[in-house]
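Written out below as structure tokens is the structure these notes cover.
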Amino acid sequence: MKKVRLFVGIEIDKILKSQISALQDELRKHVIKGKWKDPLNIHITLKYLGPVPIDRIDTIGRELERMCSRIYSFSLKLGEIGFFYKAERIKVMWLGVSGGLVQLHDLYSGVENSMENLGFEGEPESVMKNLMKLV
């Protein structure tokens with residue numbers, strides 16, 4: 001059975017993507033090298049599902065639609081910039097969010113519970129999910 005790599009994420013609106021693009025342009029002036037994410041592909045990952053057989057995609061979609069129907073819309077704003085280091089070098093630059101963090105957490109918890117019900121492994125609550133990778 002063919003498998004595809006899947007994740008559950010939140011699409012970022014065009015205005016926010018434009019702001020992120022401008023931020024990337026400014027940061028590039030101060031960074032020696034790096035591979036930058038295309039702003040069109042930036043999103044907030046809620047859960048990485050890994051390689052999933054294609055015949056499970058419809059079931060996953062239906063479960064997410066059911067769960068999301070109970071979540072009200074909310075707004076997020078750009079937050080602080082942070083870094084993950086490896087061997088004293090910046091490995092990942094990330095951008096946090098602020099605003100509707102309670103709603104974001106509720107959405108994350110709903111996705112996590114729904115996917116656990118479908119047999120996907122759960123993640124520790126401490127995993128930071130409100131980060132958007134910039135580099």
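Which condition breaks for Val97 when tested against (1) exposed (fewer than 14 other Cβ atoms within 10 Å of the Cβ); (2) modelled with pLDDT under 90?
(1)
Which count do you get for residues in segment 20-76 that are among the hydrophobic types (A, V, I, L, M, F, W, C) and either more than 25 Å from Gly96 (Cα to Cα) or in a helix (DSSP H, G or I) (or both)? Quick ask: steps written out before the conclusion?
Start the filter on segment 20-76 by keeping residues that are among the hydrophobic types (A, V, I, L, M, F, W, C), which leaves 20, 22-23, 27, 31-32, 36, 40, 42, 44, 46, 49, 52, 54, 57, 60, 64, 67-68, 71, 74, 76.
Keeping just the survivors that are either more than 25 Å from Gly96 (Cα to Cα) or in a helix (DSSP H, G or I) (or both) gives 20, 22-23, 27, 40, 52, 54, 57, 60, 64, 67-68.
Here the count works out to 12.
Considering only residues that are of a type outside the set (Lys, Arg), in contact with a strand residue (DSSP E or B) (Cβ under 9 Å, 6 or more places away or on another chain) and within 22 Å of Ser75 (Cβ to Cβ), which ones fall in segment 32-54?
Ile42, His43, Ile44, Thr45, Leu46
Applying the selection to segment 42-98, what residues are among the hydrophobic types (A, V, I, L, M, F, W, C) and at positive phi? I'd like the intermediate steps shown before the answer.
Just the residues of segment 42-98 that are among the hydrophobic types (A, V, I, L, M, F, W, C), to begin with: 42, 44, 46, 49, 52, 54, 57, 60, 64, 67-68, 71, 74, 76, 78, 81, 83-84, 87, 90, 92-95, 97.
Once the filter is applied, which keeps residues that are among the hydrophobic types (A, V, I, L, M, F, W, C) and at positive phi, segment 42-98 yields only Ala87.
What are the residues in segment 52-85 that are surrounded by 10 or more Cβ atoms within 10 Å (Cβ to Cβ), touching a Gly at 6+ places or on another chain (Cβ under 6 Å) and over 11 Å from Ser114 (Cβ atoms), if any?
Correct list: Phe74, Ser75, Leu76, Lys77, Gly79.
Out of the residues in segment 1-19 that are in a strand (DSSP E or B) and of a type in the set (A, V, I, L, M), state the one that is surrounded by the fewest Cβ atoms within 10 Å (Cβ to Cβ).
Val4
Of all residues in segment 77-95, count the ones that are outside any strand (DSSP E or B) and of a type in the set (Asp, Glu).
Counting residues in segment 77-95 that are outside any strand (DSSP E or B) and of a type in the set (Asp, Glu) gives 1.
The values are calculated or read from the model by the stated rules, or taken from the named source; none is laboratory data. Predicted, not measured: the structure shown is a model, and the values here were computed from it. Neighbour counts are summed over all protein chains in view; Cβ atoms, including those assigned to glycine, are modelled from backbone coordinates with ideal geometry.
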